[in-house]
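Step one of this worksheet: look at the structure below.
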Amino acid sequence: MTELAGARLRRVGVIHGPNLHLLGTREPELYGATTLDGVNRALEGLAADLGVELEGVQSNHEGVLVDWITEEAPRVAGFLVNAAGLTHTSVVLRDALLGVGRPFVEVHLSNTSARESFRHRSLLADRAVGVVYGFGVESYLLGLRGLLSHLDS
């Protein structure tokens, strides 16, 4: 974990990209019926069990996410990232994550490899600690556990 004033930093930033505010109503056959609030509640429950604090953001705007990453990086040990559609298009988001020097895990609710061909390529995956996809809300929980395991090693 990262050191902050002599104490181990147990805080993770959670990034929810474009359209994730529509969870629960947008294509439930792909993304499930859980809302973004439900995803965040599940994460908060696991984080409490693991002794971790979470700070999160959801935005449909790439620049807002980039600004948040650079502002939040000094206060977190790593990031859990569902960049949504920006996963496949955003060099800017990739550069922000790499630029702040914090490890991150990429997560997706759906199995992106079983979807349209343009979703098969991630601009983040090759630099992520790991990638978890296809397990619905559980992808986030597995991703958080994996990030914490990486940070503790």
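The values are calculated or read from the model by the stated rules, or taken from the named source; none is laboratory data. These numbers come from a predicted model, not from an experiment. Cβ: placed from backbone, ideal geometry, glycine included. Neighbour counts: every protein chain shown.
Tabulated values for the structure
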read-out: Hey, GLY146 farther than 24 Å from ALA42 by Cβ and free of Cβ contacts under 8 Å to residues at least 60 places away in the same chain or not; value: no
read-out: Qualifying residue in the range 136-144 (condition: more than 20 Å from LEU50 (Cα to Cα) and of a type in the set (A, V, I, L, M)); value: no
read-out: Matching residues, the range 57-84, being of a type in the set (Val, Ile, Thr), buried (at least 19 other Cβ atoms within 10 Å of the Cβ) and outside any helix (DSSP H, G or I); value: VAL76, VAL81
read-out: Count of the range 23-34 residues which are exposed (fewer than 15 other Cβ atoms within 10 Å of the Cβ) and touching a residue at least 12 places away in the same chain (Cβ under 8 Å); value: 1
read-out: Pair list, Cβ < 6 Å and 6+ apart or interchain, from the range 104-121 residues that are assigned to a loop (DSSP other than H, G, I, E, B) to residues that are surrounded by 14 or more Cβ atoms within 10 Å (Cβ to Cβ) and at pLDDT below 80; value: LEU109/TYR31
read-out: Odd one out for ALA77, checked against (1) hydrophobic (A, V, I, L, M, F, W, C); (2) under 15 Å from the mean Cα position of the chain (by Cα); (3) under 26 Å from LEU30 (Cβ atoms); value: (3)
read-out: Residue that is closer than 22 Å to LEU151 by Cβ, of a type in the set (Gly, Ala, Ser) and at pLDDT below 95, where the choices are GLY13, GLY32, GLY6, GLY24; value: GLY6
read-out: Number of the condition not met by ALA47 [criteria: (1) assigned to a loop (DSSP other than H, G, I, E, B); (2) over 20 Å from ALA96 (Cα atoms)]; value: (1)
read-out: The range 102-134 - residue that is surrounded by 17 or more Cβ atoms within 10 Å (Cβ to Cβ) and aromatic (Phe, Trp, Tyr) and, of those, farthest from GLU55 (Cα to Cα); value: TYR133
read-out: Filtered residues of the range 35-55 (kept if closer than 17 Å to GLU138 by Cα and surrounded by 15 or more Cβ atoms within 10 Å (Cβ to Cβ)); value: THR35, LEU36, VAL39, ASN40, ALA42, LEU43, GLU44, LEU46, ALA47, LEU54
read-out: Hits in the range 85-101 - residues which are of a type outside the set (A, V, I, L, M), part of a helix (DSSP H, G or I) and buried (at least 16 other Cβ atoms within 10 Å of the Cβ); value: THR87, HIS88, ARG94
